[in-house]
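> Questions regarding the structure given below will be posed in turn.
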Amino acid sequence: MELREVSSVPALAPMFARAALTQRGRPGRDGHLPNHGLRLTGVDVDRGHLLDYQHLCRFAGGDVLPHTYPHVLGFPLQVQLMADRAFPLPLPGLVHLENHITVHRLLTADDRLDLTVHAADLRPHAKGTLVDLVTEVDVDGERVWEGRSTYLRRGRGDANAVAGQAPPALPDGPPVGLLRLPEGLGRSYAAVSGDVNPIHLHALSAKAMGFPRAIAHGMWTAARTLATLGTAASGPSTSTVWFRKPVLLPSTVQVVVDDSHDRHGLVDRHGRVVAGLRSGGDPVREHLVLTLET
């Protein structure tokens, strides 16, 4: 695969606008993914930005990069690739269904990062078409982090499409935490992540895209749930997140964690913990299920 070098982090707002203007006429599942990826080398971590992210997601401060932080660094390259006319699916309306992250070693703000993003596995789904955006992070030629974001374009489905890995059941029982999410959370996360998708910013712009109110960013909900697990995700680890119902803003959500852990803490004897978010007002309404393996 050809890798095209990117000289600097692209601005997301113009790319979202360009994607909206060029969404018509894309071939969808009948098209082909771009035969190139994007690469941005020598990325230095801005400690002020890192601290803002840690504060908003409630990770501990310091130089250690949170499990999900490299996703934020690579997300602008994902958008640049999806906004390109060579990408077969229109960016507006894509739904983030799943996210898989592997951290190969502890990362700190002293690490200089090389980021690579490419698209993979355009495939049918029962409710439309799926595609993966793969982000890889290297330090001095060593693969240290990788993530795979799975997006759904709703439309012509295929009842015979191969289903992906089924999520575990959301833990039941009393919550370990209660989160009150303000109406402006989407704008706060957009300011840190650069993800200015209108469905997250304001009720009016969300309504124009079919939502009753603005919705929280999926990767904020994933990061906030991981932060609840403490230091378990600080070092080498793997997480998988299945996004279920969107979190409308403002709202109250409950954090739930599987309590079948051993005496050493949250992680069970298999090295895995299951956690999730459910609605504070309607506990049967699930927002996400997450597994973390260490």
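> State log₁₀ I(q)/I(0) for the stretch 1-160 at q = 0.13 Å⁻¹ as given by the Debye formula over alpha-carbon point scatterers of equal weight, solvent excluded.
-0.64
> Excluding Leu3 itself, calculate the net charge of residues whose Cβ lies under 11 Å from the Cβ of Leu3, where each Lys or Arg counts +1 and each Asp or Glu counts -1.
Residues close to Leu3 contribute a combined charge of -2.
> Around Lys245, which amide H atoms from residues at least 5 apart in sequence, or from another chain, sit under 5 Å from its own amide H, with H modelled in the peptide plane?
Those lying under 5 Å, H to H, from Lys245 are Glu286, His287.
> Additional query: Relative to the present Cα-Cα distance, how much length would full extension add between Leu178 and Ala166 at 0.36 nm per residue of separation?
Full extension of this stretch gives 1.7 nm more.
> If you wrap the stretch 148-195's Cα atoms in a convex hull and average its projection over all directions, what's the area in nm²?
6.7
> So what is log10(I(q)/I(0)) for the chain at q = 0.07, 0.08, 0.09, 0.15 1/Å, when the Debye sum runs over its Cα atoms only?
Computed log10 I(q)/I(0) values: -0.25, -0.33, -0.42, -1.28.
> Based on Cβ point charges of +1 for Lys and Arg and -1 for Asp and Glu, what charge dipole magnitude is obtained for the chain about its Cα centre, in debye rounded to the nearest 20?
Once rounded to the nearest 20, the dipole reads 1280 debye.
> Further question: Which cross-chain or sequence-distant (5 or more) residues have an amide H under 5 Å from the amide H of Gly37, H modelled 1.01 Å from N in plane?
Close amide H contacts, sequence-distant or interchain: Glu2, Leu3, Arg4.
> How high is the relative contact order of the chain, in percent, with contacts defined as C-alpha pairs under 8 Å that are six or more residues apart?
18
> Counting only other residues whose beta carbon sits under 15 Å from that of Leu133, what net charge do I get with K and R as +1, D and E as -1?
-3
> Using the Cβ atoms and a cut-off under 13 Å, what net charge is assigned to the surroundings of Leu91, where Lys and Arg are +1 and Asp and Glu are -1?
Overall, the nearby charge balance is +3.
> If you build the convex hull over the alpha carbons only and average its shadow over all orientations, what do you get for the stretch 140-294? Give it in nm² to one decimal.
Dividing the Cα hull surface by four gives the mean projection, 11.9 nm².
> Distance between Cα centroids, the stretch 19-36 to the stretch 81-99: provide it in whole Å.
Value for the Cα centre distance between the two parts: 8 Å.
Quick note: the coordinates plus some simple rules give every number you see, no bench work behind them. As the structure is a computational prediction, the values presented were derived from the model and not from experiment. Cβ: placed from backbone, ideal geometry, glycine included. Neighbour counts: every protein chain shown.
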